[in-house]
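The values are calculated or read from the model by the stated rules, or taken from the named source; none is laboratory data. Predicted model, so just to flag it, every value in this text is computed and none were measured. Heads up, the Cβs are rebuilt from the backbone with ideal geometry, glycines too, and the neighbour counts pull from every protein chain shown. The area values use the complete protein model at the heavy-atom level, side chains included, leaving out ligands, DNA and RNA. Shrake-Rupley method; radii C 1.70, N 1.55, O 1.52, S 1.80 Å.
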Amino acid sequence: MLTQVPMPAHRPSPNGNLTPEVAMDMDSRAVTPTVVDSVKMSDNRLRRGDTRTPIIVYGPGQETIVSTFADVLGKPFQLADSFQGIVAKEQELVLGISAESARISVAGRDQNAMVVIHSHNVGLGMPPDMFLSSQCDYEFLYTDTLLCRQDLARFISFTLGQVNHHETLMTKPRTFFISTTFPDVRAALPNIEVLTVGCDAVELRVDLLKEPLGDGTFAQIPSLSYVGEQVMLLRQRTELPIIYTTRCTRENGRFPMDNPELFYEYLYRAIQWGVEYIDVEVWLPEEIRQKLFEKRGNSHIMSAFHDFTGNFKWPSSYAQSIFLESCKYAHIVKMIAIINDHNENFELEYFRTKIRTEYPSAPPFSGLNMGETGQISRTFNKVFTPITHPLLPIIAAPGQMSAAEINAALASLGQLPKTSIYGIITSSSRIQVPHAPFYEKCFNELGLPHHFAVVERQTKGPLSIEAWCNQRSFGGAYLNPPVSFTSLMHHSNFFTKLENGTGPVLTEAVHMIGMVDTIVVQSSPTSSPGSAPSSTPSSPHRRSESFSPTPNNTYGFSTSASLLFDNASWRGILRTLTRDLAPSAYFGRTAVVLASHADDAASAMYALKALRVGKVYTVGFKTPPALARSFEVEPFNSLESLQKARTMGDDGGPFVLVSALGPEKSSLVGMLVRLFGGARGSSSQIRKVFLDLADGPRKGDPATIAEQCGFAAYGVAETTAFTTAETVRLLVGQNVPYSFVRLTSGKGMF
Ligand SMILES: O=C1C[C@@](O)(C(=O)O)C[C@@H](O)[C@@H]1O
């Protein structure tokens, strides 16, 4: 047996609940609610990341890719002849160097001053220049399609360390990934939205890819050219992190084991392609595992061990030694075995608990048993459970289940009680997108037992918001339109009495924005991803009841249970603003926000704060005090101040303009867009951003004006879809792709 080894530091999974209580700073509240940090709980934590100068190596005739990189990073660009003489002061620029020039000087570059990305248009032929592939830090493969910009935004945000999926995912009570088994990912792409509902990542089984050789046969192992293209195609079509796996022949894969260096070559290239998770088998020689760990960039390493002998025993010292060996170079430890007896599932659970207690700082553990006998363990496991889907050609391993099957099993084990989830609307919001079919489709696809209904709220009485929440079967709600925290609490006996008088828990977002759009039933604080099964993904223990069209308060919501008030809208705005841009594009920049009321503007303001915008000019409203204190805000109160803002701050005035004015004000918005626009073709190369949150028919579309003035324009459809995806994640703990939301709400994909 091996001795204990030093492990990379891993934080315990907070389940979104670790942040200490912060005193509430709002007046006239009878309760002092707990506030949790919603930026930490959000999709991707934003960081400043790598501050070295990005150098883009481009192929013949491909200069435009340098400007696309610059656009995505919100920086100007220049072309250079060589790596010599590039210094830190050029950090604010993106530099392009032709592949021809790069070849001469790349080896001697100053690695502390620059990060070099080899870009290659696959349309020019594969493979790219192999020498450059090996010498550059990262490699971006692209096609001439529109999808390239989103793919690029994601690639660059990740490789420069501005987002961190892993930390966020590890706070989720459960995570799933789909093991794609297609010989060519192109076969998966038409269904990718449906295939990935409920998934937190997509596994590319590189060893199962079949590269046609043109003579009717297939390569024994797919070439790096083929694999690179497959990674590119998959990433262009899914926003989910990719898990890149070269499963060996002994562990149910097709990668030959006679040359471990081959694994290094394929896995290191995946790091260069900016793949989020790299599956590294623990049998590989230690120097290879160590080298990959050291050269991992921002990728995370998932150590993998499979035992197909049928002799593996979870209580053995061998099992523990494998775990400890895996921990050395991993962010997640995965151990999977074939078992012979049902009781071995309980041995695995004991193992899970034991290692969690004995090695509390070890990486999260994903442990499963294969075959039908082991299926129950797939419902117990909480960290990156591999799943299949009926649309896949084959299952990746014996006993694999779909997300719907796992949820159905959890429901029948009493681990996922049926709840009633509501869309609480007003009569005027009823005319907007009907959400009931969408939620029903989601629940159906995910095999969730919940009931969903859209209900109309009244200010008081039996149909008020609190009446819908005060039911034993209550499983959460979204509020459309959002409601202010103050009015929710006003005279509400129910909300104030929650949690034995402390009231609902607020996310920091609600604390700052003041508006609630999602009410989440909090899971029991004892459940954590690394531990044995203990509670439901998002519901405390409650008796399930049948749904009734009016609230049934005979058995009210337990006052000892807790409700979390959250705001999903700001996340929808943030995700819209970073769809085609790296977060750093906004750091320190100036913004303008237009609204006729603070309540309409607050989510956008909070999103801009999360993006670390330097200053916000406001038009038409007074910033809520909590937000105004946290970053620089200046109201426009005269035409002069508008004129001043046009020329101050970023090159050519504010970088981002968000309008939360109604559609009836579209002419005014158009006018302001014109006033602040004009970047393309002007002295600045930086493309600005315009987001219009107005919904409904209008005269003249400010987005068209914005595009004419050189802005990248986004509308409410994008924000609503992103917000809906966030809402589903908050309410049922499951990830639904943006593209699935767009597809099922009858809109085109992008
Ligand atoms: O490691 C795993 C787990 C797995 O083997 C399973 O048992 O579901 C499926 C594989 O694709 C994946 O790489």
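Candidates are the residues of the range 45-65 that are open to solvent by 60 Å² or more (accessible area, probe 1.4 Å) and within 17 Å of Glu92 (Cα to Cα); the one that is nearest to the chain's Cα centre (by Cα) is Arg47.
Residues in the range 320-345 that are under 33 Å from the mean Cα position of the chain (by Cα) and more than 16 Å from the ligand (Cβ to nearest atom): Gln320, Leu324, Glu325, Cys327, Lys328, Tyr329. Of the residues making up the range 457-471, those that are open to solvent by 20 Å² or more (accessible area, probe 1.4 Å) and modelled with pLDDT of 90 or more are Glu466, Asn470. Looking only at the range 211-254, filter to residues that are assigned to a helix (DSSP H, G or I) and among the β-branched types (Val, Ile, Thr); which one of those is farthest from the chain's Cα centre (by Cα)? The qualifying residue farthest from the chain's Cα centre (by Cα) is Thr249. Number of residues in the range 692-736 that are open to solvent by 30 Å² or more (accessible area, probe 1.4 Å) and within 20 Å of Arg174 (Cβ to Cβ): the value is 1.
For the range 243-252, the set of residues classified as touching a residue at least 40 places away in the same chain (Cβ under 8 Å) and more than 8 Å from the ligand (Cβ to nearest atom) consists of Tyr244, Thr246, Cys248, Arg250, listed by residue number. In the set (1) within 16 Å of the ligand (Cβ to nearest atom); (2) at negative phi; (3) surrounded by 21 or more Cβ atoms within 10 Å (Cβ to Cβ), the condition left unmet by Pro183 is number (3). Considering only residues in the range 132-162 that are in a loop (DSSP other than H, G, I, E, B) and open to solvent by 20 Å² or more (accessible area, probe 1.4 Å), the one that is nearest to Gln272 (Cα to Cα) turns out to be Asp137. Residues in the range 302-312 include at least one that is within 13 Å of the ligand (Cβ to nearest atom) and touching a Cys at 6+ places or on another chain (Cβ under 8 Å). Of the conditions (1) on the phi < 0 side of the Ramachandran plot; (2) open to solvent by 40 Å² or more (accessible area, probe 1.4 Å); (3) assigned to a loop (DSSP other than H, G, I, E, B), Cys199 fails just one. Which one is it? Status for Cys199: all satisfied but (2).
Among the residues of the range 635-655 satisfying the criterion of being open to solvent by less than 10 Å² (accessible area, probe 1.4 Å) and out of contact with any helix residue (DSSP H, G or I) (no Cβ under 7 Å at 6 or more places or on another chain), which is modelled with the highest pLDDT? The extreme case among them is Phe655. From the list Phe177, Phe131, Phe155, Phe140, the lone residue that is of a type in the set (Phe, Trp, Tyr) and within 16 Å of the ligand (Cβ to nearest atom) is Phe177.
Being within 17 Å of Gly367 (Cα to Cα), of a type in the set (Gly, Ala, Ser) and surrounded by 22 or more Cβ atoms within 10 Å (Cβ to Cβ) is the filter here, so list the residues in the range 258-310 that pass it. Matches in the range 258-310: Ser303, Ala304. Here the helices (runs of 4 or more DSSP H) wholly within the range 358-455 that include at least 1 residues being within 16 Å of the ligand (Cβ to nearest atom), touching a residue at least 24 places away in the same chain (Cβ under 8 Å) and not small (Gly, Ala, Ser) are 375-380, 403-412.
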